[in-house]
Amino acid sequence: MADAHVVTFYDRHPISAQQILDKLRDAGQPIDGLTAADLWPHDQDHYGGLDANDALAARAGIGADTRVLDLCAGLCGPARHNVAVRGCTVVALELNAHRAAGASGLNELVELDDRIAVVQGDATMPPFGDSVFDVAWSQEAFLHIADKPPLLAGARRVLKPGGRLAFTDWVAGLALTAADRRMMDEGIAAKAIHSPGEYEQLLQDAGFASISRDDLSAAWRPILEARLQTYRHLREDAQRATGGDPHADYVRFYERFVALVASGALGGARFVAIA
Ligand SMILES: C[S@@+](CC[C@H](N)C(=O)[O-])C[C@H]1O[C@@H](n2cnc3c(N)ncnc32)[C@H](O)[C@@H]1O
């Protein structure tokens, strides 16, 4: 069952369909005639942008004939990239009603709505028939879902036999304490962060086989460090402009987050498993 905090977190998230269009307008880009590629600098809400999509798509074996289910699809940035570059079709399942509506609007704007169907719903209860997708895909979203067995069982049910579940997510190292987990929940609505071994067991228990894992921790660390620098500059700008310190808590959270990644208590991983 989805958590109300996750919905609120994404209702307040700085990346929205409106914010993307405002950015493009501010940069002098006419909104009529936009292509999916015009959105890519702004619509990828995971670490590593388009390169991360390419790597996950290669592992998942996505081609023109592939029917993909994007679980927790956000604003459909990766879905539009997969469709435009690889020619597949995508069903995008997204919990947050505002983000699902924003995703549909962006798909229509760049005329990919005939190849991407957006469905608003909970990934733990995928509202689809059995054995209908070749690939189930997700990026940096499963951490928001505390109850993994129904999520993984649902993904396996809707995949054709031999279909691939391919996803990236945060994973926990040995030193992730209960206090750090609480902080990650307050900071980024992380409801459950599993160790790589726990994830592999959960996948096996859901009936997946041939489970492979790539460690992405070294690739994610500099991305987090760069974001921390950006947040520090935003904090300094706000301090100068307002005399107050509205971003202090978030910067403190992010400093701890980066320290956890640097120490190995938190890391990133890409999993591929066969249904
Ligand atoms: C970090 S964003 C990733 C979006 C997308 N994968 C991307 O890379 O641009 C995570 C998304 O997962 C969605 N989400 C969280 N829990 C969900 C659930 N139980 N079912 C469906 N979507 C969910 C959130 O609303 C959010 O849009």
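Of all the numbered requirements in (1) among the small types (Gly, Ala, Ser); (2) exposed (fewer than 13 other Cβ atoms within 10 Å of the Cβ); (3) within 27 Å of residue 192 (Cβ to Cβ), residue 63 misses one, and that requirement is (3). One residue is enough: does region 170-190 have a residue meeting the conditions in contact with a Leu (Cβ under 6 Å, 6 or more places away or on another chain), more than 26 Å from residue 129 (Cα to Cα) and part of a strand (DSSP E or B)? Yes; the residues of region 170-190 include at least one that is in contact with a Leu (Cβ under 6 Å, 6 or more places away or on another chain), more than 26 Å from residue 129 (Cα to Cα) and part of a strand (DSSP E or B). Just wondering, is there one or more residues in region 146-161 that are closer than 19 Å to residue 63 by Cβ and in contact with a helix residue (DSSP H, G or I) (Cβ under 9 Å, 6 or more places away or on another chain)? No, region 146-161 contains no residue that is closer than 19 Å to residue 63 by Cβ and in contact with a helix residue (DSSP H, G or I) (Cβ under 9 Å, 6 or more places away or on another chain).
Residue pairs whose Cβ atoms lie under 6 Å apart, separated by 6 or more positions or on different chains, with the first residue in region 59-76 and farther than 17 Å from residue 106 by Cβ and the second within 12 Å of the ligand (Cβ to nearest atom) and polar (S, T, N, Q), are 71/138. Just to verify a result, which residue in region 137-165, among those that are within 12 Å of the ligand (Cβ to nearest atom) and hydrophobic (A, V, I, L, M, F, W, C), is nearest to residue 102 (Cα to Cα)? Across region 137-165, the extreme among qualifying residues is 141.
Would you check which residues across region 1-50 are outside any loop (DSSP other than H, G, I, E, B) and under 30 Å from residue 150 (Cα atoms) and list them?
At the first step, the residues of region 1-50 found to be outside any loop (DSSP other than H, G, I, E, B) are 4-11, 17-26, 36-39, 49-50.
If the condition is that a residue be outside any loop (DSSP other than H, G, I, E, B) and under 30 Å from residue 150 (Cα atoms), then 4, 5, 6, 7, 8, 9, 10, 11, 17, 49, 50 are the ones that fit.
Checked against the criteria, residue 202 counts as assigned to a helix (DSSP H, G or I), under 27 Å from residue 4 (Cβ atoms), aliphatic (A, V, I, L, M) and over 17 Å from the mean Cα position of the chain (by Cα). When region 166-175 is examined, which residues are found to be at pLDDT 95 or above and either more than 16 Å from the ligand (Cβ to nearest atom) or of a type in the set (Asp, Glu) (or both)? Hits for region 166-175 are 169, 172.
Looking across region 76-112, the residues that are within 14 Å of the chain's Cα centre (by Cα) and farther than 19 Å from residue 54 by Cβ come down to 93, 94, 95, 96, 99, 100, 103. Picking from residues in region 66-100 that are of a type in the set (D, E, K, R) and surrounded by fewer than 23 Cβ atoms within 10 Å (Cβ to Cβ), the one that is farthest from the ligand (Cβ to nearest atom) is 67. Residue count for region 98-118, restricted to those that are of a type in the set (Asp, Glu) and assigned to a helix (DSSP H, G or I): 1.
The single residue among 254, 231 that is more than 26 Å from residue 2 (Cβ to Cβ), touching a Phe, Trp or Tyr at 6+ places or on another chain (Cβ under 6 Å) and surrounded by 12 or more Cβ atoms within 10 Å (Cβ to Cβ) turns out to be 231. Residue 21 passes all but one of (1) more than 10 Å from the ligand (Cβ to nearest atom); (2) closer than 30 Å to residue 153 by Cα; which number fails? Residue 21 satisfies all of (1) more than 10 Å from the ligand (Cβ to nearest atom); (2) closer than 30 Å to residue 153 by Cα except (2). Of all residues in region 81-118, those satisfying the criterion of being among the polar types (S, T, N, Q) and closer than 22 Å to residue 158 by Cα are 82, 89, 96. Tell me, yes or no, whether region 114-133 has at least one residue that is modelled with pLDDT under 95 and either on the phi < 0 side of the Ramachandran plot or out of contact with any Pro (no Cβ under 9 Å at 6 or more places or on another chain) (or both). No, region 114-133 contains no residue that is modelled with pLDDT under 95 and either on the phi < 0 side of the Ramachandran plot or out of contact with any Pro (no Cβ under 9 Å at 6 or more places or on another chain) (or both). Would you confirm, using the coordinates I've provided, whether residue 218 is closer than 30 Å to residue 154 by Cβ, surrounded by fewer than 16 Cβ atoms within 10 Å (Cβ to Cβ) and modelled with pLDDT of 95 or more? No: the conditions fail for residue 218.
The values are calculated or read from the model by the stated rules, or taken from the named source; none is laboratory data. In this text, all values refer to a predicted model and were calculated from it rather than measured experimentally. Backbone-built Cβ (ideal geometry, glycine too); neighbour counts: all protein chains shown.
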